[in-house]
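The values are calculated or read from the model by the stated rules, or taken from the named source; none is laboratory data. Not measured: the values here are computed from a predicted model. When we count neighbours, we look across all protein chains shown, and the Cβ atoms used for this are built from the backbone with ideal geometry, even at glycine. SASA here: full protein model, heavy atoms, side chains in, ligands and nucleic acids out. Shrake-Rupley method; radii C 1.70, N 1.55, O 1.52, S 1.80 Å.
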Amino acid sequence: MKSNIVLIGFMGTGKTVVGRALAKRLNWQLVEVDSIIECLMGKSIADIFQCDGEVCFRELEIEAIKKTASGEKQVIACGGGVVLNTINIDRLGATGVIVNLVASPGIIMKRTSDNQGSRPLLNIDRPAECIKELMKLRKPFYERAADISISTSKLNIDTVVNKIIESLKNYEGFNL
Ligand code: S3P
């Protein structure tokens, strides 16, 4: 029986805000994988990318996911690149239902433009092009990993939360 809800999706699809609202509604613990890594390293994700490099970040991400996946009754908000390493999805999928949040490139651009500095992959000259390119590259990874997909472009947070809960009620093998 699975007993975690795992939120995946590109940067700016709403994993953190939806995760927070969903955890509150269910009275479950919210686990933000990026926050675990920041606490462990004592520095921001942007600093980890800059000082230690993306490869180091991905290794830390694998370790953080391994620990988190062994818990239960958690809403796990993942970083956008978690799908790039299959081992992460195998571990998360073994104990949780994987919910893929989707949004259009335009919406993602709008949502991420306020705090680009905190997102090292978008802290570049032409983020709009990078978003489109990266999204295209990653789309099959998100789709392959997903048990459920929800588009958040036109929905408010509560509606997304309701949709997730509705989908999970009908999900066989999940303990809500
Ligand atoms: C990343 C997404 C970020 C963070 C890191 C790398 C990615 O998380 O993990 O900057 O590769 O898509 P958010 O999706 O929460 O912004």
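General observations
- Flag for Glu61 being among the charged types (D, E, K, R) and within 11 Å of the ligand (Cβ to nearest atom): yes
- Residue in the stretch 108-127 that is among the acidic types (Asp, Glu), open to solvent by 60 Å² or more (accessible area, probe 1.4 Å) and closer than 21 Å to Thr152 by Cβ present: yes
- Among the conditions (1) out of contact with any strand residue (DSSP E or B) (no Cβ under 6 Å at 6 or more places or on another chain); (2) surrounded by 19 or more Cβ atoms within 10 Å (Cβ to Cβ), Gly19 misses just one, which is (1).
- Residue identified as farther than 17 Å from Ile157 by Cβ and of a type in the set (Val, Ile, Thr) among Val55, Val18: Val55
- If only residues of the stretch 76-88 that are among the aliphatic types (A, V, I, L, M) and within 14 Å of the ligand (Cβ to nearest atom) are counted, the one that is surrounded by the fewest Cβ atoms within 10 Å (Cβ to Cβ) is Leu84.
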